[in-house]
Amino acid sequence: MRPRGIVVIAVIVALEAAALLVAAIWYGTQLLTGAPVLSFWGAVFTLCLLLAFSVWLFAVARFLLRGFRWTRAGALVAQLFLLTIGFPTLTGGYPVAGLAMLIPAVTAIVLLFDKRVIAFASRAAGAPPAL
């Protein structure tokens, strides 16, 4: 039986991946329409990073629902990145955007350390659940 915390974390991570995908699409359209950039190849690299991180987060969300243990680390690192961006955003005059990053990140971090989530997401690749 899949714990509710796993589903909540997977939804949070999938929504973060979708947000990164939207940001990548917006960034790409700005790049194609000739928005000024300091370095064209630097902008292309940034676009590739946005797309890669979005794909990575979609994979984390998918495999978290399947109970793989490596996904907990991937989800935790993503949430820690959001905390490091969310606090300055919140205190920098954008409280809604900051809270939109901080609340899901804190929720996911708390749920990642729930005993039921740890017990469910303990499967190694190609092996049945460990617990």
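What label, among (1) 31, 18, 10; (2) 22, 17, 14; (3) 32, 14, 14, belongs to semi-axes √(5λ) of the Cα gyration tensor in Å computed from the structure on display? Derived directly from the coordinates: (1). A helix-only calculation puts the chain at -26500 deg cm²/dmol for mean residue ellipticity at 222 nm, using -39500 (n - 2.57) for each DSSP H run of at least four residues, averaged over all residues. Put a plus charge on the Cβ of each Lys and Arg, a minus charge on the Cβ of each Asp and Glu, and nothing anywhere else: the dipole of the chain about its Cα centre is then about 620 debye.
Only one residue of LEU15, TRP70, ILE109 has its Cα farthest out toward the positive end of the dipole of the stretch 7-130, where Lys and Arg carry +1 and Asp and Glu -1 on Cβ, and that residue is TRP70.
Each of ILE9, ILE25, ILE109 has its accessible area taken with a 1.4 Å probe; listed largest first, they run ILE25, ILE109, ILE9. Accessible area per residue (1.4 Å probe, heavy atoms of protein chains only) ranks ARG116, ARG123 as ARG116, ARG123, with the largest value leading.
The values are calculated or read from the model by the stated rules, or taken from the named source; none is laboratory data. These figures come from a predicted structure and were not determined experimentally. Heads up, the Cβs are rebuilt from the backbone with ideal geometry, glycines too, and the neighbour counts pull from every protein chain shown. All accessible areas refer to the heavy atoms of the entire protein, side chains included, with ligands and DNA or RNA removed. Shrake-Rupley method; radii C 1.70, N 1.55, O 1.52, S 1.80 Å.
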